[in-house]
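J.: Here it is, the structure, as structure tokens.
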Amino acid sequence: MGFYSNFSEQDLIISYTNQIDHQGKANKEILEEIAARGSLESFHAIIEKQNEIQNERNRIIREIHQYFMDKQSQNECLSKIKSDILSREDIHLLVRAKYSQIHKNVENLKVDSKTILYSLIGAIIASVISTIVILLILYQFIFLSVFAFSLLIPAYIMNYWIIRLITGKTRVNLAVFIASFLATVLNGVYFFLVINSTH
């Protein structure tokens, strides 16, 4: 029993195409497994069909993006997209998934008054929480005090996740990015004040 005998068809295709891409040819063992399942020609035909389907999906995805940016509804998009390769059901699923994904991405990037307000509130709350956590760690592990300002890195990470939780948006949003940085600056100020007060 060869190494590739337990591979699914898709795993075999991936291994074969990786070998062709990186080595310029497939090894003897994989060619023997392909021959045992049929012929190299039929295997190539399967790969060609998969590539054709993927290319068609990519073409439709580009169209969906354009229709979304043109502010056309899902129904309008569906009525305009045609394919001789994908079924109507596949197209419908693709349109629905991509419209949802693009909408989420657009909403995530949007900087409105609510996002700015929540980001500022988040920066204050996050800086206080992360400062308390870091100070508790320093209290428990005094030897880490020499690295106090290096702890701004984990503080930044904590700040980001708290702000993300409050705003519901990720760091690609400019307001969230700035708020995370601002919260970390506040951490530095708090650390400086605490260190000075102990001397």
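J.: Any idea which residue in region 166-180 is surrounded by the fewest Cβ atoms within 10 Å (Cβ to Cβ), counting only those that are assigned to a helix (DSSP H, G or I) and touching a residue at least 12 places away in the same chain (Cβ under 8 Å)?
T.: Going through the qualifying residues, I end up with LEU174.
J.: Before we move on, is LYS114 open to solvent by 40 Å² or more (accessible area, probe 1.4 Å), touching a helix residue (DSSP H, G or I) at 6+ places or on another chain (Cβ under 6 Å), part of a helix (DSSP H, G or I) and free of Cβ contacts under 8 Å to residues at least 40 places away in the same chain?
T.: no
J.: While we're looking at this one, here's another question. Looking only at helices (runs of 4 or more DSSP H) that lie completely in region 2-102, which have at least 2 residues being closer than 30 Å to LYS169 by Cβ?
T.: 40-69, 74-80
J.: Please work out if TYR160 is closer than 19 Å to PHE177 by Cβ, of a type in the set (Ser, Thr, Tyr) and in a helix (DSSP H, G or I).
T.: yes
J.: A further question on this structure: Picking from VAL189, VAL172, VAL146, VAL176, which residue would you name as being modelled with pLDDT under 75 and either among the β-branched types (Val, Ile, Thr) or under 30 Å from VAL106 (Cβ atoms) (or both)?
T.: When all the criteria are applied, what remains is VAL146.
J.: Pairs only if they're at least six apart or on different chains, beta carbon under 7 angstrom, first in region 46-72 and more than 20 Å from HIS103 (Cβ to Cβ), second open to solvent by 80 Å² or more (accessible area, probe 1.4 Å); list them, first residue then second.
T.: That search, which allows pairs on different chains as well, returns nothing.
The values are calculated or read from the model by the stated rules, or taken from the named source; none is laboratory data. Fair warning: this is a prediction, and the values are worked out from it, not measured in the lab. All Cβ positions, glycine included, derive from the backbone under ideal geometry; neighbour counts span all protein chains shown. Calculation scope for accessible area: heavy atoms of the full protein, side chains included, ligands and nucleic acids excluded. Shrake-Rupley method; radii C 1.70, N 1.55, O 1.52, S 1.80 Å.
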